[in-house]
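In what follows, a single structure is set out as structure tokens and then discussed.
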Amino acid sequence: MSATAEPVAVTERRAEVEAALVRFLDDRLSGVPAGAAAPIRYAVLSPGKRVRPLLLIASYRAARCALGRPPAAGDAVADLACSVELVHAYSLVHDDLPCMDDDVLRRGRPTAHVQFGAAAALLAGAALMPLAVEAILCAAVPLGLTDGTVRRLVGCLCAASGATGMVGGQLLDLEAEGREVTAEGLEAIHSGKTARLIAASVAMGGIAAGLPPGEDGTARLERFGLRLGLAFQAIDDILDLRGDTRELGKEQGRDAALRKATYPGIFGLEEAERIGRELAGSAERELDGLPAAEELRLLVRYIIDRRH
Ligand code: GRG
């Protein structure tokens, strides 16, 4: 893997996401007591890469172009994209808790439970899931979405986040600690824990743009997102093994310490790198023939080349 500077387009688009997150939290948390609002703001506004909302926005723009329609004016799609980042922020807060991975450093800062205590962190995480649904509802009118489209968006996000997705993957991940895991078992863990939410982010961009379900609509985007999500996790596993704590913003070597099932753990470092590249390549092939997919392709490269 070669490290390259972050593309300006990614930096600029991330600034739009940051502004949307601040706007959304200012709006929804006004009147919420400071003790409840502070850990929520801390968890969401700490410096993350914002990969999932960036994918949603890029997918929306590509799908609008494919449909021959201009993207919605203003920041409406960035407002929708907050929904996937809010779910992601919840998953990080809960993943770090003492009863899960018991981590103390996240995004270069003390984890939410270290900063605010386990009870406050648990509650902040729980508050983020309904806030994610509210982000979809708030964006519906500015994006001109029908009730049916809103139902598809909520359904897609919930299926990817709950027992059939992220929570289910997390359970498999915890059960696999210290055990022998097959390649199929690893794929099931990483699909649920990581790839499903990434795929949902891409699919939601397509849904909001007006693509129908199925092969003539969002199916190709979902396949792209699932493969990219697995590639994302392969790189995450590799960085945990050979990155450094300061650059990662989280403690290096935690997967090994917790005896987690990982790509390098099962296949070795070199083969894990090859698998990551292969997954990213097969994800990109799903974009062939889709006009205006440059932003999605740029994000694939960003994900593969990242250092944290
Ligand atoms: C409470 C039962 C229950 C479950 C909660 C904790 C949980 C569900 C799921 C964990 C999912 C998880 C944390 C997966 C790891 C995914 C991953 C690679 C996270 C790191 O994502 P980045 O690199 O982080 O995008 P930043 O900080 O950039 O946002």
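The values are calculated or read from the model by the stated rules, or taken from the named source; none is laboratory data. Predicted model only: the values in this text are computed from it and were never measured. Neighbour counts are summed over all protein chains in view; Cβ atoms, including those assigned to glycine, are modelled from backbone coordinates with ideal geometry.
Assorted remarks:
- Extreme residue, surrounded by the most Cβ atoms within 10 Å (Cβ to Cβ), among residues of the range 40-71 that are outside any helix (DSSP H, G or I) and under 23 Å from the mean Cα position of the chain (by Cα): Arg50
- Glu295 being on the phi < 0 side of the Ramachandran plot, in contact with a Pro (Cβ under 9 Å, 6 or more places away or on another chain) and more than 16 Å from the ligand (Cβ to nearest atom): no
- None of Asp75, Asp79 is more than 9 Å from the ligand (Cβ to nearest atom), touching a Phe, Trp or Tyr at 6+ places or on another chain (Cβ under 8 Å) and acidic (Asp, Glu) except Asp79.
- For Arg109, the conditions (1) more than 13 Å from the ligand (Cβ to nearest atom); (2) basic (Lys, Arg); (3) within 19 Å of Leu248 (Cβ to Cβ) are fulfilled apart from (1).
- Some residue of the range 144-155 being within 13 Å of the ligand (Cβ to nearest atom), over 20 Å from Ile235 (Cβ atoms) and hydrophobic (A, V, I, L, M, F, W, C): no
- Looking only at the range 145-176, and only at residues there that are part of a helix (DSSP H, G or I) and β-branched (Val, Ile, Thr), the one that is nearest to Leu86 (Cα to Cα): Val154
- Scanning the range 28-39 for residues that are surrounded by 11 or more Cβ atoms within 10 Å (Cβ to Cβ) and free of Cβ contacts under 8 Å to residues at least 60 places away in the same chain, we see that the one that is nearest to Arg106 (Cα to Cα) is Ala37.
- Taking the conditions (1) touching a helix residue (DSSP H, G or I) at 6+ places or on another chain (Cβ under 7 Å); (2) not in a helix (DSSP H, G or I) in turn, Leu131 satisfies each one other than (2).
- Hey, Arg223 in contact (Cβ under 8 Å) with a residue 12 or more places away in the chain, of a type outside the set (Val, Ile, Thr) and under 29 Å from Thr149 (Cβ atoms) or not: yes
- Against the test of being touching a residue at least 60 places away in the same chain (Cβ under 8 Å) and among the aliphatic types (A, V, I, L, M), the options Val8, Val44 yield a single qualifying residue, Val44.
- Filtering the range 235-277 to residues that are under 20 Å from the mean Cα position of the chain (by Cα) and acidic (Asp, Glu) leaves Asp236, Asp237, Asp240, Glu247, Glu251, Asp255.
- On the stretch given as the range 172-212, residues that are within 30 Å of Arg61 (Cβ to Cβ), within 16 Å of the ligand (Cβ to nearest atom) and of a type in the set (Gly, Ala, Ser) total 6.
- Taking first residues from the range 182-195 that are over 9 Å from Ile266 (Cβ atoms) and partners that are within 14 Å of the ligand (Cβ to nearest atom) and among the β-branched types (Val, Ile, Thr), no Cβ contact under 7 Å between residues at least 6 apart in sequence or on separate chains turns up.
- Residue, modelled with the lowest pLDDT, within the range 288-301, restricted to residues that are over 14 Å from Arg64 (Cα atoms) and surrounded by fewer than 18 Cβ atoms within 10 Å (Cβ to Cβ): Gly289
Table: residues versus (1) buried (at least 18 other Cβ atoms within 10 Å of the Cβ); (2) touching a residue at least 24 places away in the same chain (Cβ under 8 Å); (3) within 15 Å of the ligand (Cβ to nearest atom).
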residue	(1), (2), (3)
Gly229	yes, yes, yes
Leu239	yes, yes, yes
Thr245	no, yes, yes
Leu248	yes, yes, yes
Ala257	no, no, no
Ala261	yes, yes, yes
Gly268	no, no, no
Glu271	no, no, no
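- Among the conditions (1) surrounded by fewer than 16 Cβ atoms within 10 Å (Cβ to Cβ); (2) within 16 Å of the ligand (Cβ to nearest atom), the only one that Val141 does not satisfy is (2).
- His88 fulfils the conditions (1) near the ligand (Cβ under 9 Å from one of its atoms); (2) surrounded by fewer than 23 Cβ atoms within 10 Å (Cβ to Cβ) except for a single criterion, (2).
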